[in-house]
Every structure is written in C-alpha cells, then in structure tokens.
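What follows is a short report on a single structure.
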Amino acid sequence: MTQEPALQIATPLDARTPWTRRHLLDLDELSRDEIETILETTDAMKEIMGREVPRVPALRGRTIVTLFYEASTRTRASFELAGKALGADVINVAAGGSSVEKGESLIDTVRTLEAIGAEVLVMRHPAAGAPYLVARHLSASVVNGGDGQHAHPTQALLDLYTMRAHIGDMRDKRVVIVGDIAHSRVVRSNIWGLAAMGAKVVVCGPPTLLPAGMRHGQQQTEEPLALPHVEVETNIDTALEGADVVMALRLQKERMHGGLIPSIREYATLYQITPERLARAKTGALVMHPGPINEGVEISPEVATSLQSVIEEQVTNGVAVRMAVLYLLARGKA
Amino acid sequence: MTTLAIRGGRVIDPANGIDATADVLIVDGQIAAVGPDAGKDASETVDASGLVVCPGFVDIHCHLREPGFEHKETIETGTLAAARGGFTTVCAMPNTEPPTDSAAAVEFVLHTAQTQGHVRVLPIGCVTRGRAGKELADLAELAQAGAVAFSDDGSPVVDPHLMRRALEYAAMLGTPVIEHSEDPALSAGGVMHEGWVSTRLGLSGIPAAAEEAAVARNVALARETGSPIHCAHVSTAGSVEIVRSAKARGVAVTAEVTPHHLALTHEAVMQSGREAPGGLAYDTNAKVNPPLRTPEDVEACVAGLLDGTIDCIATDHAPHASQDKVCEFDAAAMGISGLETAFAQSLSAVPLEKVIAALTVAPAAVLGLERHVVKIGTLSEGAPGDVTIIDPKAEWTVEPETFASRGKNTPLAGRTLKGKVVGTVFGGKMAWQA
C-alpha cells in the first residue's frame with residue numbers, strides 16, 4: 001500500500017527568505033524576496049495541481065473562512081478550491097449588504113468567526129481598509145481578497161506569476177494597464193508588485209478614470225509613502241508602443257453616470273484593445289485581464305481569445321497562488 | 001462680597017494690549033482690576049507665578065450633541081470638556097435632534113446649560129427649518145430666544161438663492177450667519193482629502209475645490225447683499241486666498257480655522273503614529289469634515305491666521321461614540337473631539353500671544369458676542385469673571401480615555417503636546433483645576 005505522498009514544499013526558499021508575516025493585506029509591504037518566496041511556492045502548488053489527485057494534507061485540521069461582503073465568483077471559488085486542495089476546512093460566509101446595514105459591526109462578525117475556529121480569514125469588503133481594521137482586532141491571519149478601491153494582492157500575485165512564467169525576469173519590462181485606473185484595486189496592488197520586481201508600469205485611460213495625482217504630463221508627488229511612480233498616458237497608441245504586457249481592466253458600466261465617460265461606445269472607440277492597437281506592442285506581448293470581461297468594450301473578442309491572451313491561465317494560476325498564500329500563512333498554526 | 005485673585009501670573013489680555021506680570025481681581029463674578037498687587041486683599045487667591053493668565057477662551061463652533069445624541073456628548077460633559085480646555089464660553093451648533101430651529105429648542109439648550117453646564121453656552125440657531133435647506137427658520141424668533149448666530153453647520157445651505165435671502169434677513173436682526181462652506185456635488189462620496197494619500201489608500205477624495213467653490217459663492221453673496229457672512233473651518237490655501245482678496249475689497253466676510261487644520265495633514269489618515277497592521281492606519285479619528293489637507297494648505301491656514309485673513313480659531317469639537325469610529329473608514333462618522341486639546345494643538349503651530357487673541361477677543365468680535373455678554377473675551381473692568389490659567393511650558397500626553405468629553409475621538413492619542421490649561425475660572429469660580 002502506497003503512502004500518501006508527503007508534501008515536498010518545505011522549500012529551499014524557506015531557508016533563504018523565511019516567511020514571517022501573519023497577514024497578507026497588500027503587496028506594498030513585501031520585499032522582492034518575499035514576493036519571490038510566494039511565487040516559488042506557487043511553482044510547487046502548480047505541481048500539486050497537476051497530480052492525478054491534486055490534494056495534499058498540508059493544512060489538514062486548519063480552518064479557513066472566506067467572508068465576502070461583495071458578490072464574487074472567481075475569487076471566492078479560487079480561495080475555496082485552494083484551501084481544500086491543501087486539506088483545510090473551508091467555510092464560506094456570504095454577508096449580504098454592508099455590516100452596518102445589517103446592524104452587526106464588522107468587528108463583531110469576525111470575532112464570532114474567530115470564536116468558532118477561523119485561523120485564516122479571507123475577506124472581501126467594499127470599504128477600503130476593512131481588512132486592516134479586522135487585522136487590528138483579530139489574532140487570526142487576514143488575507144485581503146479585495147478591499148474597496150484599495151488593494152487586491154492575490155490578483156496582483158497571480159498576474160506577476162503569469163508574467164514571470166512567460167517572460168521571466170520582469171526588470172525593465174513595460175507593463176501597460178488600460179482602463180478605469182481610478183477605481184481599480186487590481187491596479188494599485190499591481191503597481192506595488194511590479195515596482196518591487198523592477199518592471200516599468202504604464203497606466204492608460206481618460207483623465208476622468210485616473211486617480212488624483214496621476215495626470216498625463218503632471219508631476220507626480222515625491223512623497224516617499226505615495227504609490228510608486230508610473231508613466232501616465234491618455235493616448236492608448238502611445239501607451240502600447242513597445243509593451244511587453246498589456247492588461248485591460250473591466251469597465252464598470254455604471255461609470256457612465258457622474259460624467260466619468262460619455263458613453264460605453266466612445267470608451268470602446270478610444271480604449272478598446274484591438275488587434276491593430278496590439279500590433280504596437282512587442283511581438284508576442286502578453287494580453288491579460290483580471291476578469292470578468294466585457295467583450296467588445298475594453299477588449300475585442302479576437303484579442304481576448306488570441307494566442308497572446310493568457311486570461312484563462314490567469315484564472316488557473318489564481319488557485320495555485322492562493323494555495324501558496326494560504327500555505328505560507330497557515331502552516332505554522334498549531 | 002466674594003473676591004478671587006489670580007496672583008503673580010503673566011497676564012495677557014489682547015483686547016487691552018496688556019502683557020505684564022500682574023494680579024487679576026474678580027469681585028462678585030466680574031473682573032474688578034488687573035495690576036500689580038491688585039489682588040493682595042482678596043479673600044481667596046490662586047498663585048499663578050510662572051503661569052500665563054488670560055481671558056477665558058471663547059469657542060464659536062462646537063457640537064454639544066444634546067438633545068438627541070446624548071451617547072456622543074451632553075451639555076454637561078461637553079461644558080466640562082470645555083472647562084478643561086480653558087473655554088468659558090462655547091457656542092453650540094444646532095445640528096441636534098430636534099435641531100435648534102425653534103425658540104423652544106433654544107430655550108432647552110439655555111436652560112440645560114444653566115442647570116447642568118460648567119461654563120456659558122450660547123446657542124446657535126438653524127438658518128433653515130429642520131436644517132433641510134428648503135425654507136428659512138423663524139430667524140427673528142430664534143434671535144429673540146437667545147440664538148447668537150445662525151448656521152446649518154454640518155451641512156451647507158446649498159441653494160444660493162435661499163442663502164442670499166438668509167443673509168439679507170439676518171442682517172436686519174444684527175445676527176451673523178455662519179456657513180459650512182462645501183459644494184456637496186463636488187464632495188459627494190468623499191471621505192478624506194483628495195490627494196496622493198487618498199490615491200494610495202483607495203479612499204474617495206474630497207477635492208479642495210469643493211470648499212473653495214462654496215467660499216467663493218459666499219463671498220459673492222456677502223458682497224451682493226452687503227450682509228456679513230462667517231466661513232466656518234476654512235481648510236485650504238485657495239479658501240484663504242479667496243477670503244484674503246475679499247477682505248481687501250471690503251467684503252464683510254470673516255473666517256475661522258480649527259486647531260487640527262493648523263497642525264495636521266492628510267497623512268494622519270494613513271499613519272497614526274501607533275503600530276498598524278500592514279503599516280496603514282486608516283485612522284477614523286482623523287476623519288473629519290472638512291478633511292485634513294496638505295502641508296501647503298496647513299501653511300496657508302497658519303499664514304492666514306497670522307496676517308488676519310483668518311479671524312480666529314474655533315474647535316469644531318465633534319464628539320462621537322466609539323461605535324461611530326471603530327468601524328470601516330467609509331462608514332465612520334466625521335469629526336474630532338477637540339475642546340481638550342485645542343489650546344496645545346494651536347500652540348504647536350502659532351505663537352502664544354496669537355493663540356490667546358484667536359481664542360478670546362477675536363472670536364467674540366466675529367460673532368459680536370458683546371451684544372450678549374458685555375466685554376466678553378477681555379479682562380476689562382466689568383467683564384465676566386472668566387479667566388484661563390495656562391502653563392505654556394508643560395508637556396503632557398494626550399490620553400483620550402481621561403477626556404471629560406464623551407467623545408474620545410482624537411487623532412492625537414498618545415502624542416505629547418506642549419502647553420497645558422491648568423485652571424479655568426468661570427464667573428469668578430474655579431470651573432476646573434488641574
């Protein structure tokens with residue numbers, strides 16, 4: 001009788017850069033080495049996912065709770081699958097509406113979850129900073145699964161992992177992110193992660209979809225605590241010139257209200273990633289999208305399904321990255 | 001006849017140009033004399049040697065929350081907080097429940113202050129009925145009952161036509177209008193200053209223009225009507241510049257600044273000075289309206305106060321219960337509990353003599369409070385026996401849990417400030433002593 005294979009992911013990386021953090025709130029506090037640790041642990045997880053029975057008992061007996069205050073299919077399912085693949089018990093809690101509307105405070109809710117045994121809390125919340133509030137009041141580990149317009153670190157990690165798989169060293173690579181930069185948590189986390197890996201980030205969109213302090217031709221602040229500098233372009237053709245990676249963002253249809261854009265049609269005319277535009281990027285440049293896609297709005301169907309597109313691979317890598325994150329945070333818990 | 005002498009302190013009385021070592025003698029609740037040895041025969045004496053003695057502070061902008069929000073503050077706790085902060089007169093904003101938009105509501109505040117208050121409370125009445133911004137409140141009735149000014153503070157009077165009429169009507173009564181200058185269409189959804197900190201934190205911003213557009217409107221209306229308007233809590237360099245140029249043109253506009261806008265920037269939202277997970281504080285105690293702005297704005301507010309563009313300091317004391325603040329940043333209430341830190345925080349930005357003037361004679365002049373309390377904000381003979389005693393060199397650590405205010409919401413928790421109020425005399429009696 002064969003024994004269940006032991007998990008061979010107490011990797012050599014651990015010796016080089018031991019993982020000591022309790023939470024994963026954003027990439028802004030991670031060093032390049034720490035990000036490498038996650039990405040290399042993800043390699044090991046990918047190997048597990050390729051096995052006939054893609055399961056290991058590394059987190060057997062650990063309890064992971066996903067607490068989602070916003071609708072989400074892929075992120076929540078991805079975390080659940082990741083936890084289960086590592087043998088953890090995963091409990092999904094969908095909290096409808098904001099905690100305030102329900103009359104139960106967020107802190108009360110998470111304390112209850114901790115009291116019933118949550119050791120890792122994966123949370124998504126519409127208010128920026130909510131996971132930071134929770135981390136202050138909880139002894140469990142907190143994984144930020146997206147907080148308002150602030151951060152979405154596991155998305156940025158899976159993006160980095162996907163880029164690294166195709167490109168290798170990201171130093172001085174031109175990564176162009178197109179779309180609603182102002183309201184995107186994906187962009188903010190990607191800017192930190194890409195800056196740590198030495199990539200050159202270009203953001204592109206109309207001025208109404210760029211956040212304060214990011215205007216084309218405007219001096220960016222020298223404040224040491226501000227977001228890292230990025231190149232800002234409003235013209236997509238200029239932005240795409242020589243790109244190694246092109247990432248389109250989902251355009252929320254409600255952005256038409258409040259004068260952010262005149263119409264979806266005009267947005268698509270100006271900013272859709274089309275085959276003609278993509279030709280300005282480097283040959284074989286990666287096409288990415290955090291999903292879900294509005295085909296024919298921010299990206300043309302031909303581009304989304306082209307050979308250059310790694311959009312489906314991003315989703316698959318998302319599970320492996322989340323396995324790595326959960327493993328690094330939860331393995332030491334007694 | 002009861003006599004109280006505060007002896008041997010450095011007396012600073014900006015209204016009378018006094019800055020000298022002297023005694024202050026209070027007889028039957030009124031200032032009787034200021035001078036060397038003026039208090040040598042008093043029945044009761046306080047030794048103020050090495051300390052600064054000045055008129056009791058006047059706050060023309062605070063929120064006492066009663067009636068309606070007694071879990072945040074009451075007139076009793078708010079006025080004790082005032083006494084601890086050196087204030088002997090506070091003007092209570094009318095955004096209570098019900099709002100102070102009727103004679104009965106004004107009388108409630110006055111009566112409660114008389115029976116439970118530790119210092120003088122002067123009520124401010126609403127500009128519009130129910131603070132709804134639709135029609136004028138019964139302004140003459142409010143003034144008759146004792147309202148010293150009109151304001152819908154917490155909200156602006158959005159409709160410029162209604163504001164025009166309010167200014168015209170209030171001028172007939174000789175009662176000033178205080179406007180919370182904010183264009184709600186520009187500030188909608190915002191929870192902090194729009195700038196690099198809001199961009200990093202992913203929080204929705206309130207642009208400086210939301211305030212400046214409203215200040216400019218108020219200046220235009222004051223000029224059009226010839227009626228005075230007072231701009232509450234200006235916070236941006238642009239607002240200061242608009243007020244400066246309006247004053248130069250002779251427009252009857254005045255302005256106040258809060259201690260926190262003189263000393264703190266939007267970075268306080270990100271970094272509280274205490275250890276925070278992930279290094280980002282999202283400090284709801286630094287969430288306030290108008291928001292904390294940039295260092296350039298702070299500099300402009302200080303310069304504006306020093307050159308007289310900004311007339312006075314007012315606290316905008318806005319106490320909240322812990323559940324209003326220990327929550328998501330977006331959901332947190334706006335406001336800082338400021339009465340007990342106002343003096344020291346102001347002193348961190350502005351010289352002592354200016355702080356005292358900006359907290360005494362200047363705010364009294366802005367609202368014309370001498371119409372209600374003779375010689376208020378001064379140590380002139382016959383002025384109320386309201387005196388604040390300060391140790392300008394004492395260093396102390398802000399411990400919100402020790403506040404008299406029910407609102408422990410301050411971004412200064414744990415910080416060391418210099419300059420401490422050590423005694424507050426109200427109407428000739430010690431209202432509070434360290």
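The values are calculated or read from the model by the stated rules, or taken from the named source; none is laboratory data. Not measured: the values here are computed from a predicted model. Note: ideal-geometry Cβ built from the backbone for every residue, glycine included; neighbour counts use all protein chains shown. Please note that ligands, DNA and RNA were not included when accessible areas were found on the heavy atoms of the full protein model with its side chains. Shrake-Rupley method; radii C 1.70, N 1.55, O 1.52, S 1.80 Å.
If you roll a 1.4 Å probe over chain A with all protein chains in place, what percent of the accessible area is carbon or sulfur?
Carbon and sulfur atoms account for 51 percent of the accessible area of chain A.
Shape class for chain A, computed from the alpha carbon gyration tensor (a ≥ b ≥ c): prolate, with a/c not under 1.5 and a/b above b/c.
Taking the chain by itself as reference, segment B:264-309 contains these residues with an accessible-area loss of 30 Å² or more in the full protein complex (1.4 Å probe, heavy atoms): B:Pro277, B:Gly278, B:Leu280, B:Tyr282.
Buried accessible area between A and B (1.4 Å probe, both chains summed, ligands and nucleic acids excluded), in Å² to the nearest 100? Answer for the A-B pair: about 2100 Å² buried.
Report, in listed order, any pair from A:Lys84/A:Lys333; B:Lys325/B:Lys420; B:Lys72/B:Lys287; B:Lys134/B:Lys247; B:Lys354/B:Lys418 with a Cα-Cα distance greater than 21 Å.
Flagged as over cut-off: B:Lys325/B:Lys420; B:Lys134/B:Lys247.
If you sort the three axes of the alpha carbon gyration tensor as a ≥ b ≥ c, you get a/c of 1.5 or more for the protein assembly as shown and a/b above b/c, which makes it prolate.
Shown in residue order for segment B:236-246 are the 3J(HN,Hα) couplings computed by the Karplus curve 6.51 cos²θ - 1.76 cosθ + 1.60 at θ = phi - 60°: 10, 4, x, 4, 4, 5, 5, 5, 4, 6, 5 Hz (x for Gly and Pro).
Determine the order of A:Ile293, B:Ile124 by accessible area, beginning with the largest, at a probe radius of 1.4 Å.
From most accessible down to least: A:Ile293, B:Ile124.
Judged by the ratio a/c of the largest to the smallest principal axis of the C-alpha gyration tensor, segment B:56-377 counts as rounded, that ratio being less than 1.5. The residues of segment B:270-338 expose on average 31 square angstrom of accessible surface per residue, using a 1.4 Å probe on protein heavy atoms.
Given a 1.4 Å probe and the protein chains as shown, B:Val219 ends up with an accessible area of around 10 Å².
With a 1.4 Å probe rolled over the protein heavy atoms of all chains, the accessible area of B:Met172, A:Met49 falls in the order B:Met172, A:Met49, largest first.
Shown for segment A:113-157: residues covered by the partner protein chains by 30 Å² or more of accessible area relative to the chain by itself (probe radius 1.4 Å), namely A:Ala127, A:Ala128, A:Tyr132, A:Leu133, A:Arg136, A:Gln149, A:His150.
The mean sequence separation of alpha-carbon pairs under 8 Å and at least six residues apart, normalised by the residue count of segment B:56-377, gives a relative contact order of 17 percent. Among DSSP beta bridges whose residues both lie in segment A:182-334, state the antiparallel percentage, nearest 5. Within segment A:182-334, antiparallel bridges account for around 0 percent of the total. Between the C-alpha center of segment B:293-337 and that of segment B:5-80 there is a gap of 25 Å.
Placing +1 on each Lys and Arg Cβ and -1 on each Asp and Glu Cβ, with no other charges, gives the protein assembly as shown a dipole about its Cα centre of roughly 1320 debye.
Taking amide H positions as modeled 1.01 Å from N, with prolines and chain starts lacking one, the residues under 5 Å from B:Ser181 and 5 or more places away or on another chain are B:Ala232.
Might you tell me the accessible area per residue for chain A, computed with a 1.4 Å probe and given in Å²?
Value returned for chain A: 41 Å² of accessible area per residue.
The phi-based Karplus calculation (6.51 cos²θ - 1.76 cosθ + 1.60; θ = phi - 60°) puts the 3J(HN,Hα) values of segment B:172-179 at 4, 8, x, 10, x, 10, 10, 10 Hz, whole numbers, x for Gly and Pro. Roughly how many Å is it from the Cα centre of segment A:158-172 to that of segment A:231-266, as a whole number? Between the Cα centre of segment A:158-172 and that of segment A:231-266, the gap is 23 Å.
Annotation: the antiparallel percentage among DSSP beta bridges lying fully within the protein assembly as shown is about 35. Note on segment A:153-311: with charges restricted to the Cβ of Lys and Arg (+1) and Asp and Glu (-1), its dipole about the Cα centre is near 180 debye. From the alpha carbon centroid of segment B:116-189 to that of segment A:291-314 is 56 Å. Largest first, the residues A:Leu260, A:Leu133 sort by 1.4 Å accessible area into A:Leu260, A:Leu133. Near the amide H of B:Gly205, within less than 5 Å, lie the amide hydrogens of B:Val191, all on another chain or at least 5 residues away, with H placed in the peptide plane.
Here segment B:56-377 has 52 percent of its accessible surface on carbon and sulfur atoms, given a 1.4 Å probe and all protein chains in place.
Run through segment A:65-146 and list the GluC sites (Glu not before Pro) located in a DSSP loop whose Cβ has at most 13 other Cβ atoms within 10 Å. When the GluC sites (Glu not before Pro) of segment A:65-146 are filtered for loop state and at most 13 Cβ neighbours within 10 Å, A:Glu104 remain. Only beta bridges with both residues in segment B:56-377 are counted; by DSSP, about 5 percent of them are antiparallel. Across chain A, Cα pairs under 8 Å and at least six residues apart give a relative contact order of 19 percent.
Taking amide H as placed 1.01 Å from N in the peptide plane, B:Val46 has its amide H under 5 Å from the amide H of B:Ala5, B:Ile6, B:Arg7, each at least 5 places away in sequence or on another chain. Per residue of peptide B:190-199, the mean number of Cβ atoms on other chains within 10 Å of the residue Cβ is 5. If you line up the long axis of helix A:74-85 against the longest principal axis of chain A, both from Cα atoms, how many degrees apart are they, to the nearest 10? Tilt relative to chain A: about 30 degrees.
For chain B, the Cβ-based charge dipole about the Cα centre amounts to some 240 debye (Lys, Arg positive; Asp, Glu negative; other atoms uncharged).
Rolling a 1.4 Å probe across all protein chains gives B:Cys91 an accessible area of roughly 0 Å².
Within the full protein context, the accessible area of A:Arg188 is estimated at about 10 Å² for a probe radius of 1.4 Å. Per residue, segment B:90-195 exposes 38 Å² of accessible surface when a 1.4 Å probe is rolled over the protein heavy atoms with every protein chain present. Under the criterion of Cα pairs below 8 Å and six or more residues apart, the relative contact order for segment A:234-334 equals 31 percent.
Helix content alone sets the calculated 222 nm mean residue ellipticity of the protein assembly as shown: runs of n ≥ 4 DSSP H residues at -39500 (n - 2.57) each, divided across all residues, give -9500 deg cm²/dmol.
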